[in-house]
Amino acid sequence: MKIYIVGAGPGDPDLITVKGLNILQTADVILYTDSLVNDELIRKAKPDAEVLKTAGMHLEEIVDVMVDRVKAGKMVARIHTGDPAMYGAIMEQIVLLKKENIGNEVIPGVSSVFASAAAIGAELTIPDLTQTLILTRAEGRTPVPEFEKLRDLASHHCTIALFLSATLTKKIVKELQAAGWQDDTPVAVIQRATWPDQKIVRTTLVNLDEDMRKNGIRKHAMILAGWALDPNIHDKDEYRSKLYDASFTHGFRKGVKP
Ligand SMILES: C[S@@+](CC[C@H](N)C(=O)[O-])C[C@H]1O[C@@H](n2cnc3c(N)ncnc32)[C@H](O)[C@@H]1O
C-alpha cells in the first residue's frame, strides 16, 4: 500500500513531469493544495476521480482521507506545488501514513526557485562569482534554527533564494546589510512565476522593501538576491566556466591549444 506524492511544478500546467502527469491521470483520488496548484492541471485527472482541495483541511483530515481510500484499494495521489521537498510539509504526512503501514513514492517537480530563475533568464551559479545557492526563508512567525539565521547564511555572499518571505523584506534587508552586503546588490522578485499574471521586479537590496510595496507584492513570490542576479551580467564576458573553456580537458573533450 502506498500513496504518490507528486510535485505539480510552479504553476504552468505543462511544467509537471511526464511521470507526475501519468499518475495524476491514473489516480482514483487526488488531494491537492488548491491555494498554489493550478486547477487547469487538476482538470487533467480522469473524469470519475475523486478530487479534494486541501487548503481548508488540517493534517489529520488529509491523512484520514488518504488512509481510508488507500485501504479501500484506490490509487491516491497527493499533489504539491513546485517540488515537494521544499516547504512541502510532506514529512508530517509520511509519518502518519507510516503508522498505518502505508508507504509513499515521491515524484519530484520543478521548484518555483528554478522557475523564477528561468523567468528572468538567470544562472544562479556564475563561474568566479558564486558557486553556491542557499535556499531558505526569512524568520517570521515560523522560527528558523539558531545556526541558520539569515545574516549568518549571507556571510557567504553567494546567491540566496528566499521562499515564503514576501512580507519580511525589511528584515531581509537588515540581515543582509549586517552581513556586509552592498546596498546596490541586485535582487529579483518573481511573483507567480509561470502563471499568466507573473510579475517580475528587478531592484537592489536597499530598494527591495519599497519596491515590494510599490508593486503590491505580499505573497506567492520568490526573492533571488546576489550578484548573479545582476541584470547587466549578459554584457560581461569575464565569467566563463571551465567546462567549455577550449584549454580545459575532461573526459568528453581533449583540450585545444590556445
Ligand atoms: C509552501 S512554499 C512551497 C514551495 C514549493 N514546494 C516549491 O518548490 O516551489 C510556497 C512559497 O514558494 C514560493 N512559490 C511557490 N510557487 C511560486 C511561484 N509560482 N512563483 C514564485 N514563488 C513561488 C513562494 O515563496 C511561496 O511563498
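The values are calculated or read from the model by the stated rules, or taken from the named source; none is laboratory data. The shown structure was predicted, so the numbers you read here are calculated from the model rather than taken from an experiment. No Cβ is skipped: glycine too gets one built from the backbone with ideal geometry, and neighbour counts run over all protein chains shown. In case anyone asks, the SASA skips ligands and DNA or RNA and just uses the protein heavy atoms, side chains included. Shrake-Rupley method; radii C 1.70, N 1.55, O 1.52, S 1.80 Å.
Results, tabulated for the structure shown:
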| read-out | value |
| --- | --- |
| Cα centre as origin, Lys/Arg/Asp/Glu Cβ charges: the stretch 28-156 dipole, Debye | 160 debye |
| Percentage relative contact order, the stretch 9-63, counting C-alpha pairs under 8 Å, at least six apart | 37 percent |
| Proportion of all alpha-carbon pairs of the stretch 107-191 beyond 14 Å (%) | 66 percent |
| Selection from LEU150, VAL189, GLY88 lying farthest towards where the dipole of the chain points positive, charges on Cβ | GLY88 |
| Surface accessible to a 1.4 Å probe, per residue, for the residues of the stretch 37-126, Å² | 50 Å² |
| Surface per residue (accessible, 1.4 Å probe) for the stretch 192-238, Å² | 57 Å² |
| Length-normalised contact order for the stretch 2-110 - Cα pairs under 8 Å, 6+ apart - percent | 46 percent |
| Check: the stretch 16-63 dipole with +1 on Lys, Arg Cβ and -1 on Asp, Glu Cβ, in debye | 280 debye |
| Longest site-free stretch - the chain; sites: chymotrypsin sites (Phe, Trp or Tyr not before Pro), DSSP loop, at most 12 other Cβ within 10 Å | 1-243 |
| Spatial separation of Cα centroids for the stretch 73-139 and the stretch 169-235, in angstrom | 21 Å |
| The stretch 2-110: projected area of the alpha-carbon convex hull, averaged over directions, in nm² | 5.8 nm² |
| Trypsin sites (Lys or Arg not before Pro) restricted to the stretch 1-45 and DSSP loop, no more than 14 other C-beta within 10 Å | ARG43, LYS44 |
| Mean residue ellipticity (222 nm) of the chain, computed from DSSP H runs ≥ 4 via -39,500 (n - 2.57), nearest 500 | -7000 deg cm²/dmol |
| Dipole moment magnitude, nearest 20 debye, the chain about Cα centre, only Lys, Arg, Asp, Glu C-beta charged | 300 debye |
| Placed amide H near GLU50: partners under 5 Å, 5+ positions off or other chain | VAL29, ILE30 |
| Sites matching trypsin sites (Lys or Arg not before Pro) across the stretch 135-180 that sit in DSSP coil, with at most 10 neighbouring C-beta atoms within 10 Å | ARG141 |
| Carbon plus sulfur fraction of accessible area for the stretch 116-258, probe 1.4 Å, in percent | 51 percent |
| Burial order of peptide ranges 102-112, 228-238 (average beta-carbon count within 10 Å, highest first) | 102-112, 228-238 |
| Global geometry of the chain, whether rounded, prolate or oblate, following the gyration tensor of its Cα atoms and the 1.5 cut on a/c | prolate |
| Violating pairs (Cα-Cα greater than 19 angstrom) within the set LYS2/LYS74; LYS44/LYS199; LYS19/LYS199; LYS44/LYS219; LYS149/LYS170 | LYS44/LYS199; LYS19/LYS199; LYS44/LYS219 |
| THR204 long-range amide H proximity, modeled H, under 5 Å | VAL187 |
| For the stretch 199-205, 3J(HN,Hα) per residue [Karplus equation, 6.51 cos²θ - 1.76 cosθ + 1.60, θ = phi - 60°, Hz, x = Gly/Pro] | 10, 10, 10, 9, 8, 10, 3 |
